[in-house]
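Data block below; observations after.
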């Protein structure tokens, strides 16, 4: 899953695809084409930064960022498009535009989001987070982070199934870095096999994150090697979707793993 950030304030590459505060479709198309050449399987388009401390974005602003890009990608590439959103209006509008998946860091807990996802009939990915990005790191307090994250995801999966989203359209994400410190992230990573064993596709997103920086003492632009190591380890533990900034390098690593495992 290749990340296409359409925000001015994302932690790694915020603003890189924008001109005058709006996505530049030529830049987006060039980046998408580079990802296709690198072997991307899914585009993940996001119009709201959810880094620690990020501010909320209005539905109007999020739609202005995301909708033209979904339209562009669907018209030019035969690659599924995931939309990274929690907003019911964005879910509905991008589904109508041809989006293939909803990737929600709030696990469809916003009022109206679950209903919008049901109506869209799209697959969804449910991620664990506490609170909102602006405050979430203040809520990183767990007795047993693995058990509590598993319980939350189990409850959200049940809520989706009860609302009418079939289990075969649901993926889960432990939410590395979202209301979690390094100790929590490491505990979750060691337990990835438990999440992957729940008969639901597991998505892992750790690319360039603070977890890598804390482990290696590296700035955001120097975290490729650590990100690749975590991508490899996540795949070995059963992750089905690896969400990354550096598509070609990650694909090379995973192809090598698959060849050795005979997959």
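Below is a table of values for the structure above.
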read-out: Failed item in (1) modelled with pLDDT of 95 or more; (2) within 18 Å of the chain's Cα centre (by Cα), with residue 54 passing the rest; value: (1)
read-out: Segments classed as strands (runs of 3 or more DSSP E), wholly inside region 1-92, with at least 3 members that are at negative phi, buried (at least 17 other Cβ atoms within 10 Å of the Cβ) and touching a residue at least 60 places away in the same chain (Cβ under 8 Å); value: 2-5
read-out: Count of residues meeting criterion [within 23 Å of residue 210 (Cα to Cα), part of a loop (DSSP other than H, G, I, E, B), in contact with a helix residue (DSSP H, G or I) (Cβ under 9 Å, 6 or more places away or on another chain) and modelled with pLDDT of 95 or more] in region 113-167; value: 4
read-out: Residues that are within 17 Å of the chain's Cα centre (by Cα) and more than 18 Å from residue 107 (Cβ to Cβ), drawn from region 197-213; value: 206, 207, 208, 209, 210, 211, 212
read-out: Qualifying position, being in contact (Cβ under 8 Å) with a residue 40 or more places away in the chain, over 18 Å from the mean Cα position of the chain (by Cα) and closer than 15 Å to residue 114 by Cα, among 140, 187, 159, 191; value: 159
read-out: Some residue of region 225-247 being on the phi < 0 side of the Ramachandran plot, out of contact with any helix residue (DSSP H, G or I) (no Cβ under 9 Å at 6 or more places or on another chain) and modelled with pLDDT under 95; value: no
read-out: Lone unmet requirement of (1) free of Cβ contacts under 8 Å to residues at least 12 places away in the same chain; (2) over 20 Å from the mean Cα position of the chain (by Cα); (3) over 25 Å from residue 36 (Cα atoms); (4) part of a helix (DSSP H, G or I) for residue 258; value: (3)
read-out: Matching residues, region 93-105, being assigned to a loop (DSSP other than H, G, I, E, B) and crowded, with 21+ Cβ neighbours inside 10 Å; value: 99, 105
read-out: Hits in region 196-208 - residues which are in a loop (DSSP other than H, G, I, E, B) and out of contact with any helix residue (DSSP H, G or I) (no Cβ under 9 Å at 6 or more places or on another chain); value: 197, 201, 205
read-out: Among residues of region 209-231, those that are under 17 Å from residue 2 (Cβ atoms), assigned to a helix (DSSP H, G or I) and touching a residue at least 24 places away in the same chain (Cβ under 8 Å), counted; value: 4
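The values are calculated or read from the model by the stated rules, or taken from the named source; none is laboratory data. Quantities reported herein were computed from a predicted structural model and do not represent experimental measurements. Because the Cβ atoms are built from the backbone with ideal geometry, glycine has one as well, and the counts that use them run over all protein chains shown.
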